[in-house]
Amino acid sequence: MRSFGPSLLLLLVVVVVVSQIGHAKRDLKSTCATCRQVTDSFRKGIERTAKQNFGGGNTAWEERALSKYETSEIRLTEILEAVCESSNFECNRMVEEHEDLQTKHPDLHKWFCIESIKVCCPKGAFGPDCNDCVGGVDRPCHGNGACDGDGTRGGDGRCSCTHGYGGEFCLECVDGFFSGGQNDTFALCTECHASCQSCSGGTNQDCDECKAGWEEDEQDTCVDVNECSRDDPAPCGEHKYCVNNEGSFSCKGCDGVCSGCTGAGPGACRSCAAGYHDVEGTCTDIDECSEEAEAVCPAAHRRCVNTPGGHLCVCTEGHEERDGECVPVAVSEEPEEEEEPESEEAENGQAHEDL
C-alpha cells in the first residue's frame with residue numbers, strides 16, 4: 001500500500017471547490033480562501049493522526065500484515081472525513097482512483113493552491129499573473145494599507161490605506177495628520193491635536209487651521225469655544241441647559257420642578273414650576289394639604305392627599321365617588337332565612353306523642 005500526498009489532495013480539493021462554487025460566477029478571492037481552508041484542514045488531519053495506530057491492540061502484527069498506519073489508506077480515510085463528505089460519490093471515487101500517487105510537499109498551500117490549481121498567489125502579489133503589489137511583496141502599499149487581492153488571483157492591486165494615510169501609494173498624510181518622515185518608499189503619519197483641522201506638529205500650537213468648535217486665541221493657539229457662554233441666541237431651548245464639551249456642546253433637560261434652568265437638579269432652576277416654591281434656593285414641593293383641609297377640598301366627605309407638584313381630593317373612608325360626589329358606600333342587606341316547614345314524619349311523631 002503506497003503513501004498519499006498532495007497530488008491526491010489536488011483532485012480532492014478540485015471537487016470540494018467546484019461543489020462549493022456551483023454554477024455561480026467564479027470569485028477568485030473566495031476560491032483562494034476555500035483552497036486555503038481545505039489545505040489547512042488536511043494538514044490538521046495529518047497532525048491529528050500522527051501518533052495514532054490501527055487500534056486493534058497488536059500494533060506490531062498489524063503493521064507487519066497491513067503495512068504501516070502512517071502510510072495506510074485507513075489513515076487517509078480518517079483524515080478525509082473532515083474534508084470529503086461520505087455522501088459525495090464523485091469526491092470519494094476520485095480518491096480511490098488516485099490512491100497510488102505519492103508526491104509530497106512541505107507547504108501544501110504553496111504547492112497546491114499557488115503552483116498546481118493556481119487559485120492563489122504568494123503573499124504580496126495579486127491577479128491572474130501574480131503581479132507584485134505596490135510597494136513590493138514584503139511591504140504591500142508601503143506598509144500603510146492593504147493591497148486589493150493580496151495573495152489571490154483576484155483584485156486589481158489598488159491600495160486601501162489605513163487611517164491617517166492617503167494617496168495612490170499610501171505615502172501621503174490626510175487632514176488631521178502630520179508627517180513624521182517621508183520619502184519615495186516610506187511615510188510616517190501622526191495624528192494632530194484634537195483642535196486642529198490640519199497641522200505641522202502634535203500640539204494645539206501647531207495647527208494650520210482650527211476645527212469647528214475651536215478658535216485661535218492671542219497666542220495663535222486653538223482653544224475650545226464655550227458655546228454655553230453665549231446668550232443671544234441661547235444655544236439650548238427654554239427647558240434645557242447647556243453643557244460645554246471640548247469642541248462642542250450638548251443640551252440636557254431641566255429638572256421637572258424647574259421652569260427654565262441653568263444646570264442640573266432642583267437647585268439650578270431659573271424659577272419654580274407650578275406646585276413648587278423656592279426654599280433656600282431649591283425648588284420644593286408645596287404641600288397643599290398642610291393648609292386648612294376644608295379650603296383645599298371643600299366638598300363634603302373628601303380629604304386631601306398631597307402629590308409632587310399638586311394634590312388630590314379623594315373620598316373619605318366609607319364613601320365612594322358617584323356622579324362627581326362622595327356618597328356613602330351602599331351596604332347590601334342579606335335576605336332573611338325562611339323557616340323550613342316541619343316534615344310530615346315530625347308531625348306524625350308529635351301526634352303519636354299526643355296519643
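The values are calculated or read from the model by the stated rules, or taken from the named source; none is laboratory data. Predicted model only: the values in this text are computed from it and were never measured. Neighbour counts run over all protein chains shown; Cβ positions are idealised from the backbone, glycine included.
Things to note:
Residue by residue, here is whether (1) β-branched (Val, Ile, Thr); (2) part of a strand (DSSP E or B); (3) more than 28 Å from Leu28 (Cα to Cα) holds:
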{"position": "Asp156", "(1), (2), (3)": "no, no, no"}
{"position": "Cys170", "(1), (2), (3)": "no, no, no"}
{"position": "Gly181", "(1), (2), (3)": "no, yes, yes"}
{"position": "Asp184", "(1), (2), (3)": "no, no, yes"}
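- Residue count, region 293-305 (criterion: part of a loop (DSSP other than H, G, I, E, B) and closer than 23 Å to Ala273 by Cα): 1
- Qualifying residue in region 166-175 (condition: within 26 Å of Gln37 (Cβ to Cβ) and exposed (fewer than 15 other Cβ atoms within 10 Å of the Cβ)): no
- Qualifying residue in region 289-299 (condition: hydrophobic (A, V, I, L, M, F, W, C) and in contact (Cβ under 8 Å) with a residue 24 or more places away in the chain): yes
- Selected residue [under 28 Å from Cys192 (Cα atoms), touching a residue at least 12 places away in the same chain (Cβ under 8 Å) and touching a Lys or Arg at 6+ places or on another chain (Cβ under 9 Å)] from Gly247, Gly260, Gly253: Gly247
- Residue count for region 143-158, restricted to those that are crowded, with 21+ Cβ neighbours inside 10 Å and farther than 24 Å from Cys113 by Cα: 2
- The number of residues in region 241-259 that are surrounded by fewer than 18 Cβ atoms within 10 Å (Cβ to Cβ), farther than 26 Å from Asp224 by Cα and touching a strand residue (DSSP E or B) at 6+ places or on another chain (Cβ under 7 Å) comes to 1.
- The one condition in (1) within 34 Å of the chain's Cα centre (by Cα); (2) modelled with pLDDT of 95 or more; (3) farther than 30 Å from Leu171 by Cα that Cys192 fails to fulfil: (3)
- Against the numbered list (1) within 32 Å of the chain's Cα centre (by Cα); (2) closer than 17 Å to Arg36 by Cα, His109 comes up short only at (1).
- Selection within region 298-347: residues that are loosely packed, with under 10 Cβ neighbours inside 10 Å and of a type in the set (S, T, N, Q). The member of this set that is modelled with the lowest pLDDT is Ser343.
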